[in-house]
Ligand code: OAD
Ligand code: ZN
């Protein structure tokens, strides 16, 4: 590719980036939710031969390298063999064994945190920017940006916390995320011969070929995984009356499994909890138990009234988000006084644009293995480096494993024992069942 072509593509990508972010941010609740869209897919359709776009591009501002990219963050997470390409021969069963062994009943918190890893997890790094001269920050007067956020909670300055979560908070439970190179679900779907990985969650593709989704659904089905420390941390926030709402893109129902009050959860991309016939005129509701039985019999669930497919109420690409998402977001993000974003690439709209819906003086904390959500348009997206002089620096970034970061935060708040207790109680209750 020539230099001019490269420059043209970079310019186009930049424009698209700005336009997408603007579209998400300016839109009102009605407009932003026409349907779920992946930024990857949008970029791919405009730029042919597009390689994965990395939002983690250098900023023009001075800053210390966070070193938090998933590509260099340490050893890769083990993919449970159910998601692996089954033709691979060497080491496959070893992976499965080590996964099964580490995810078994050991109660050591350290073992638990390492459950989905081969070897030690990547080191956790609290990113400390060198702010431009004269920049004002909400996160100063403390030894670290994370410390500043912990102090806000401890001092009662953050009492209406909104959490936004993605697949990264469930990887330590053994569920792969979507887009991490090699270990993510989208790199491990070859057996299904999909036209592109996201087709497995595309409503058009599903109508023509539902089998791949149901095979995957069997593996992901709720009830087979234990919530992670990150889920229990959110539960702890709720227990302390500090959680305004937990917005999750995850369909694994691990928030519910962790005991978080469903009233406090918004499952932005739906979940397995309910199911409907997809016949446009029918829409008959089916129970989770019935769908589960069908899926575990390897049958394709079909409506007894009209014969159409019955699909768990997971929001597929091309479908609208649940009404509850739109009903709650305006008030929640207005009232929010601390935003915590964990384990998401922030590549799917309209969810990604929510980070800009909190007030301009509301601190935002990203806990993720890689830097994400940094917009190139001033005022939109995270600004960890305080580059946008007209706004006050209020974004903190912790690079690494969300379980570890939650433990660190809980430690700063003196909540570690309670956090461990929640998990122990959950495991004990599961044992009794
Ligand atoms: P992605 O796979 O796109 O992003 C997960 C992010 O979490 C990545 O940035 C990882 O680096 C990071 N990560 C992984 N494990 C982590 C850990 N233990 N601690 C901290 N960070 C970790 O997943 P989502 O952003 O959730 O849509 O994807 C959004 C949507 O795209 C999903 O809801 C799904 C998918 O297509 C539907 O199913 C409709
Ligand atoms: Zn029907």
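For 345, 402, 308, which order do you get if you count the other beta carbons within 10 Å of each Cβ and list the fewest first?
Ranked by crowding around the Cβ, least crowded first: 308, 345, 402.
Relative contact order (percent) for the range 199-272, with alpha-carbon contacts under 8 angstrom and 6 or more residues of separation?
28 percent
Could you work out Rg/(2.2 N^0.38 Å) for the range 261-318, with Rg from alpha carbons only?
For the range 261-318, the normalised Cα radius of gyration is 1.17.
I'd like to compare 252-259, 359-366: which one has the highest average count of other Cβ atoms within 10 Å, and what's the full order after that?
The peptides rank, most packed first, as 252-259, 359-366.
Direction-averaged shadow area of the convex hull around the Cα atoms of the range 232-297, nm²?
Numbers: hull surface 21.6 nm².
Computing the convex hull of the Cα atoms and averaging its projections yields 5.4 nm².
Computed from the coordinates by the stated procedures, all read-outs in this text should not be read as laboratory data. Since the model is a prediction, treat every value here as computed from it, not as a measurement. Backbone-built Cβ (ideal geometry, glycine too); neighbour counts: all protein chains shown.
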